[in-house]
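Accompanying notes for the structure given below.
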Protein chains: 2
Amino acid sequence: MTSVTERGTEAPAFLPGLMQPTPLVLHAVFERMRTIYGDTRVAGPEGVFTYAELGERILRLCRVLVEELDVRPGDRVATFGFNSVRHFELYWAVPLVGAVLHTVNVRLFPEQIAQIVGHAGDKVLFFDGEVADRLGDVDGLGIVEQWVRMQPGGDAALPTLTPEVREYEDLLAACPDPIGALPDVPEDAAANLCYTSGTTGMPKGVLQSHRSLWLHAMAACMADHLALTQHDTVLPIVPLFHACGWGMPYAAPFTGAGLVFHGSDSFPANVARLIREHRVTVGAAVPTIWKELLPLLRSGDADLSTVRGIYVGGSATPRPLAEAYGAHGIDMVQIWGMTETGPLACVSQPRRHHGRDVRGDALYAIKEKTGTIMSGLEARVVGETGEAVPWDGETVGELEVRGPWIAAAYYNDPIGSVEKLHDGWLRTGDMAWMERDGTFRIVDRAKDLVKSGGEWISSVELEGALLGHPAIRDAAVVGLPHPKWDERPVAFVVADGHGPGQEPTVESVHAFLADKVAKWWLPDAVVVVEEIPKTSVGKIDKKVLRAAWEARAGELFGIREG
Amino acid sequence: MTSVTERGTEAPAFLPGLMQPTPLVLHAVFERMRTIYGDTRVAGPEGVFTYAELGERILRLCRVLVEELDVRPGDRVATFGFNSVRHFELYWAVPLVGAVLHTVNVRLFPEQIAQIVGHAGDKVLFFDGEVADRLGDVDGLGIVEQWVRMQPGGDAALPTLTPEVREYEDLLAACPDPIGALPDVPEDAAANLCYTSGTTGMPKGVLQSHRSLWLHAMAACMADHLALTQHDTVLPIVPLFHACGWGMPYAAPFTGAGLVFHGSDSFPANVARLIREHRVTVGAAVPTIWKELLPLLRSGDADLSTVRGIYVGGSATPRPLAEAYGAHGIDMVQIWGMTETGPLACVSQPRRHHGRDVRGDALYAIKEKTGTIMSGLEARVVGETGEAVPWDGETVGELEVRGPWIAAAYYNDPIGSVEKLHDGWLRTGDMAWMERDGTFRIVDRAKDLVKSGGEWISSVELEGALLGHPAIRDAAVVGLPHPKWDERPVAFVVADGHGPGQEPTVESVHAFLADKVAKWWLPDAVVVVEEIPKTSVGKIDKKVLRAAWEARAGELFGIREG
């Protein structure tokens, strides 16, 4: 019982409330999932299971973790695999026994894998056979004491792994009884460790707590956010190894929504099949996935009649894409976040002054903004002096956020942690402006903003506009050094299958962009390339472009040397 | 910075997460309300204000509280008034300065008012002039150091109050500057003190924390719960002095919904006017309010076309009422809770297996159940041995709940606190059964269940059925002692304006109930009364009926003495 402070004591003190000290941990969410929502189904490459069936399997998996794999509270348990039911089971079992699930990105380079597994100190590693060969040539995984294969495949690579590989289903089959008791985990205990994609330097670990995941899950279910309900079936094509699968493995069970996991096949035909077969109502993925699905939607080969909403993140949604889906009655909603923000921090929804039923141009203009910081979090934009800028819809500065599902530090990285924080606010590295109603728009990554003659040009906005060009399939804009303007934008584009002579030129690009961006934003050069370099999570790797082209900037700009 | 536990230490320990320790306090919600939702409006007897305007007034009110009224952290500040903008301002200002808002029910009897004001130790009392006369004859309010009148009126009663009464708007006008800084309040600090209605014994104080109110507000906004959004305008006719106004003063600003406060006039004409003038989308009140509004809806004198949902609590919603509103396209949703549960703990929504679009009989059958415990809370039903009963849809026991917005104790009442808890679960005093999907139905208050021949009869269900009888306006069912069956039900009914000879009789009641309840549930006697006795919050006062009729049970049952 909490003690009660009496009036009249010398130092005024707050009166403690008398509500239950129930910790915000995943355990109660799990209990609800397997009982109240026991009939709801989860589909994956392994088949279809109810939450009740998964609850039983997860409690056996908890016993496997503790008794067979010697996982103790605080231990890190890594996964290296795609979206599957087994991966989902680990999302639950590992935190339930008080350990920490470390989701390793299967697209990392070998040295990054070795670095983060070593940095995390992973004791057990669960991997998919399909990507076993990516582990075989990684030095420095000796710290891992137990290897478990989640999905079949990769037999040829197994002999390169030490120690002996154990099979997920064999371990589970050998353990018919659920764990006796789960530990009482405090709400600030770590549950999930996810490293940032590391476009700058080595990846950094974000250590999410039970509390932050719990709050994030409830926030996702708010009607003004993703509005998940027990009537939904969610298809997170965003990988479970990336930013916690946008929190869907916890948010869906929080309210009883079903889940569909696509394995490693995110090609449009499979996405269309899963949506049709499982009557998916909510999709979550980067814009590329939806762009690739569009032809099937248009040809009638994809039936999206059950889909009520598509949440798009990772990069800005091109307006033509949102309009194309809108024409089929599907609401495409921009979300924003990063590994450090839980990950969901912002949803672009019509504001009260727009009205609930805003449509057409007015709606798409709203969708082009990033949105409003989620209820429960706070956002501000700070200028170069570190002071918050006015909410005037034009002053650009760095976006900073704070709140109970925002990272306070990186795991075992005191220097990186200090750099990332500013008076308790997380620096996002995104440049944005804020409107008077708190709606913000991210105009670019801080490091990618093109500074031309003291003004800024958004590379992201130019890229979005370029993708609307009929002869351009992919595009990247980089600011390269310019003797007069400091920097000027250069567009690198991939031609969209047109023959010689029909490739995009600087003239055709300028003509196309004329009514879309300010004249002084027009890129000074357009370079047709075979491919845009991307990072392990599919973001444009501008480091590579800058390194390759910086020395040739004068040539691109037609400036004579000397 | 949280320290990190290394592997290999002797005692295995949880790894602390590294997320921001942002406290779940009302301060960040307030900041969001007055900025991001600054344009949203709140209407009340005092006029219409934006959240931005109220934010400015509330920060001045904070200064008034601290500098003029000497309110310190932990102090209790009482209100005694109806639903108004000023009352809403106190809901915010008092917790923001770290003090505790104690909402006193204006319908309490004088001895109860004196008892709870004394028990709470209220330092300041804000009251509406309209109810000043209810305070004038209350002895034992000497503990109150400052009296402030929120609304005009009651001038005649003012001289009976000591010390001198100050005027709310005068205090505010004398303080043009906002408070300089608000204290850093920990999340478990008390924010709100509300006493139970006390149908059994004296009222008991529930001391809600910032954390519990924050979580409750977010939960109310979940799409599967009340689904409040920034597009809503909420009319809580439930009084702000009753169960925290069902949490609406915090839940609406949490997501940017507007609010309408009706003052003391809850007559149908005023309710209809407010809905029309302020384009209300969500109503929240006991069934009686909606029953009284129905004739206006039917005659076209009430325009509810903006209303998307009506949340009904306090007692079970009679099916004919839900059907009547459903016929006008308005979804009437049963909610359940009590002061000790935050107060919202359950919402009756269609489950996944019913489908999102269930309509007609199937929908109304769902609405007759109490619902599912809200995400974030847990519920169970326990039998007489204290063990949880199976979820079989028939075994009746006491409903128990637990979770982060459930009371752990009563304020300064160790004995009451112990009685109310059972292994960390709150005993609700309600008898219920639980279905296999976790849907429960409350069949009666534990003390009101009629025990007949070893079986139970629900007085609540009989009352609901009786209210459908065309000649019955109000009804109460009480179990009275019976020599053969232990107890048998007796119906006390108020006739609905019919002339002599058309009053409800035991025969007409039996005929009417024949296809609605089991034969052995039929009340053995029907007594026509002028009025059903009610408690201060409008619940049937069965204590009074039992006391008056117990001795005459034999007469009612037609049993000869001796």
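The values are calculated or read from the model by the stated rules, or taken from the named source; none is laboratory data. Worth saying up front: this structure is predicted, and the values here are computed from it rather than measured. So basically every Cβ, Gly included, is an ideal-geometry build from the backbone, and we count neighbours across all protein chains shown.
Can you name the residue in segment A:184-236 that is in a loop (DSSP other than H, G, I, E, B) and among the hydrophobic types (A, V, I, L, M, F, W, C) and is also modelled with the lowest pLDDT among such residues?
A:Met202
Within segment A:374-394, count every residue that is under 26 Å from the mean Cα position of the chain (by Cα) and not in a strand (DSSP E or B).
Residues in segment A:374-394 being under 26 Å from the mean Cα position of the chain (by Cα) and not in a strand (DSSP E or B): 4 in total.
Consider A:Lys204 against the criteria (1) facing another protein chain (nearest Cβ under 9 Å); (2) closer than 19 Å to A:Gly314 by Cα; (3) of a type in the set (D, E, K, R): it satisfies all of them except one. Which criterion is unmet?
That leaves (1) as the condition not met.
From the list A:Arg488, A:Arg441, A:Arg445, pick out the single residue that is under 25 Å from the mean Cα position of the chain (by Cα) and either among the aromatic types (Phe, Trp, Tyr) or modelled with pLDDT of 90 or more (or both).
A:Arg441
Filter segment B:244-265 down to residues that are more than 14 Å from chain A (Cβ to nearest Cβ), outside any strand (DSSP E or B) and touching a residue at least 24 places away in the same chain (Cβ under 8 Å) and give me whichever is surrounded by the fewest Cβ atoms within 10 Å (Cβ to Cβ).
The residue in question is B:Ser264.
Considering each residue of segment A:297-331, count those that are in contact with an Asp or Glu (Cβ under 9 Å, 6 or more places away or on another chain), assigned to a helix (DSSP H, G or I) and of a type in the set (Lys, Arg), and give that number.
Looking only at that region, the number is 1.
Among the numbered criteria (1) crowded, with 18+ Cβ neighbours inside 10 Å; (2) outside any helix (DSSP H, G or I); (3) over 23 Å from the mean Cα position of the chain (by Cα), which single criterion is violated by B:Gln334?
Only one criterion is unmet by B:Gln334, namely (3).
So B:Pro186 passes all but one of these: (1) more than 14 Å from every other protein chain (Cβ to nearest Cβ); (2) surrounded by fewer than 19 Cβ atoms within 10 Å (Cβ to Cβ). Which condition number does it fail?
With (1) more than 14 Å from every other protein chain (Cβ to nearest Cβ); (2) surrounded by fewer than 19 Cβ atoms within 10 Å (Cβ to Cβ) applied to B:Pro186, the lone miss is (1).
Here are some residues: B:Val494, B:Val477. Which one is within 23 Å of B:Gly337 (Cα to Cα), β-branched (Val, Ile, Thr) and part of a strand (DSSP E or B)?
B:Val477
So, A:Ala78, is that one of a type in the set (A, V, I, L, M, F, W, C) and touching a Pro at 6+ places or on another chain (Cβ under 7 Å) or not?
Here the answer is no, as A:Ala78 does not meet what is asked.
Which condition from (1) touching a residue at least 12 places away in the same chain (Cβ under 8 Å); (2) among the charged types (D, E, K, R); (3) surrounded by fewer than 22 Cβ atoms within 10 Å (Cβ to Cβ) is the one that B:Glu507 breaks?
So B:Glu507 meets the others, but not (1).
Being within 18 Å of the chain's Cα centre (by Cα), in a helix (DSSP H, G or I), under 17 Å from B:Ile237 (Cα atoms) and in contact (Cβ under 8 Å) with a residue 12 or more places away in the chain narrows it down to one residue among B:Ile275, B:Ile289; which is it?
Selected residue: B:Ile289, the only one of B:Ile275, B:Ile289 that is within 18 Å of the chain's Cα centre (by Cα), in a helix (DSSP H, G or I), under 17 Å from B:Ile237 (Cα atoms) and in contact (Cβ under 8 Å) with a residue 12 or more places away in the chain.
Answer with yes or no whether A:Thr317 is away from chain B (no Cβ under 13 Å), of a type in the set (Ser, Thr, Tyr) and farther than 30 Å from A:Gly424 by Cβ.
yes
Of all the helices (runs of 4 or more DSSP H) wholly in segment B:15-120, which have at least 2 residues that are more than 10 Å from chain A (Cβ to nearest Cβ), in contact (Cβ under 8 Å) with a residue 24 or more places away in the chain and of a type in the set (Gly, Ala, Ser)?
Counting at least 2 such residues, we get B:110-120.
Any idea which of A:Leu235, A:Leu207, A:Leu193, A:Leu228 is touching a Ser or Thr at 6+ places or on another chain (Cβ under 6 Å) and crowded, with 24+ Cβ neighbours inside 10 Å? Let's see the steps before the verdict.
Values: A:Leu235 fails: touching a Ser or Thr at 6+ places or on another chain (Cβ under 6 Å); A:Leu207 fails: touching a Ser or Thr at 6+ places or on another chain (Cβ under 6 Å); A:Leu193 fails: touching a Ser or Thr at 6+ places or on another chain (Cβ under 6 Å).
Only one candidate passes the filter, namely A:Leu228.
Taking the options A:Val312, A:Val307, name whichever one is within 20 Å of A:Ile373 (Cβ to Cβ) and aliphatic (A, V, I, L, M).
Exactly one of A:Val312, A:Val307 is within 20 Å of A:Ile373 (Cβ to Cβ) and aliphatic (A, V, I, L, M), namely A:Val312.
Considering only residues that are among the β-branched types (Val, Ile, Thr) and more than 22 Å from A:Gly47 (Cα to Cα), look in segment A:123-159 and name the one that is surrounded by the fewest Cβ atoms within 10 Å (Cβ to Cβ).
So the residue we want is A:Ile143.
Report yes if some residue within segment B:112-122 is crowded, with 24+ Cβ neighbours inside 10 Å, under 17 Å from B:Arg166 (Cβ atoms) and either hydrophobic (A, V, I, L, M, F, W, C) or assigned by TED's automatic domain parsing to the domain that holds B:Cys62 (or both); otherwise report no.
Scanning segment B:112-122 turns up at least one residue that is crowded, with 24+ Cβ neighbours inside 10 Å, under 17 Å from B:Arg166 (Cβ atoms) and either hydrophobic (A, V, I, L, M, F, W, C) or assigned by TED's automatic domain parsing to the domain that holds B:Cys62 (or both).
If you take the residues in segment B:346-394 that are free of Cβ contacts under 8 Å to residues at least 12 places away in the same chain, away from chain A (no Cβ under 11 Å) and of a type in the set (A, V, I, L, M, F, W, C), which one is nearest to B:Val443 (Cα to Cα)?
B:Ala365
Taking the options A:Gly438, A:Gly397, name whichever one is on the phi > 0 side of the Ramachandran plot and surrounded by 17 or more Cβ atoms within 10 Å (Cβ to Cβ).
Step by step, each of A:Gly438, A:Gly397 is checked, and only A:Gly438 is on the phi > 0 side of the Ramachandran plot and surrounded by 17 or more Cβ atoms within 10 Å (Cβ to Cβ).
So, in segment B:402-437, exactly how many residues are free of Cβ contacts under 8 Å to residues at least 60 places away in the same chain, within 11 Å of another protein chain (Cβ to nearest Cβ) and not in a loop (DSSP other than H, G, I, E, B)?
Summing the residues that are free of Cβ contacts under 8 Å to residues at least 60 places away in the same chain, within 11 Å of another protein chain (Cβ to nearest Cβ) and not in a loop (DSSP other than H, G, I, E, B) in segment B:402-437 gives 7.
Determine if segment B:510-529 includes at least one residue that is aromatic (Phe, Trp, Tyr) and surrounded by fewer than 14 Cβ atoms within 10 Å (Cβ to Cβ).
yes
Tell me which residues, restricted to segment A:518-546, are at pLDDT below 90 and of a type in the set (Gly, Ala, Ser).
The answer is A:Ala518, A:Ser536, A:Gly538.
Answer yes if at least one residue in segment A:160-169 is closer than 21 Å to A:Val66 by Cα, part of a loop (DSSP other than H, G, I, E, B) and not polar (S, T, N, Q), and no otherwise.
Yes, there is a match, as at least one residue in segment A:160-169 is closer than 21 Å to A:Val66 by Cα, part of a loop (DSSP other than H, G, I, E, B) and not polar (S, T, N, Q).
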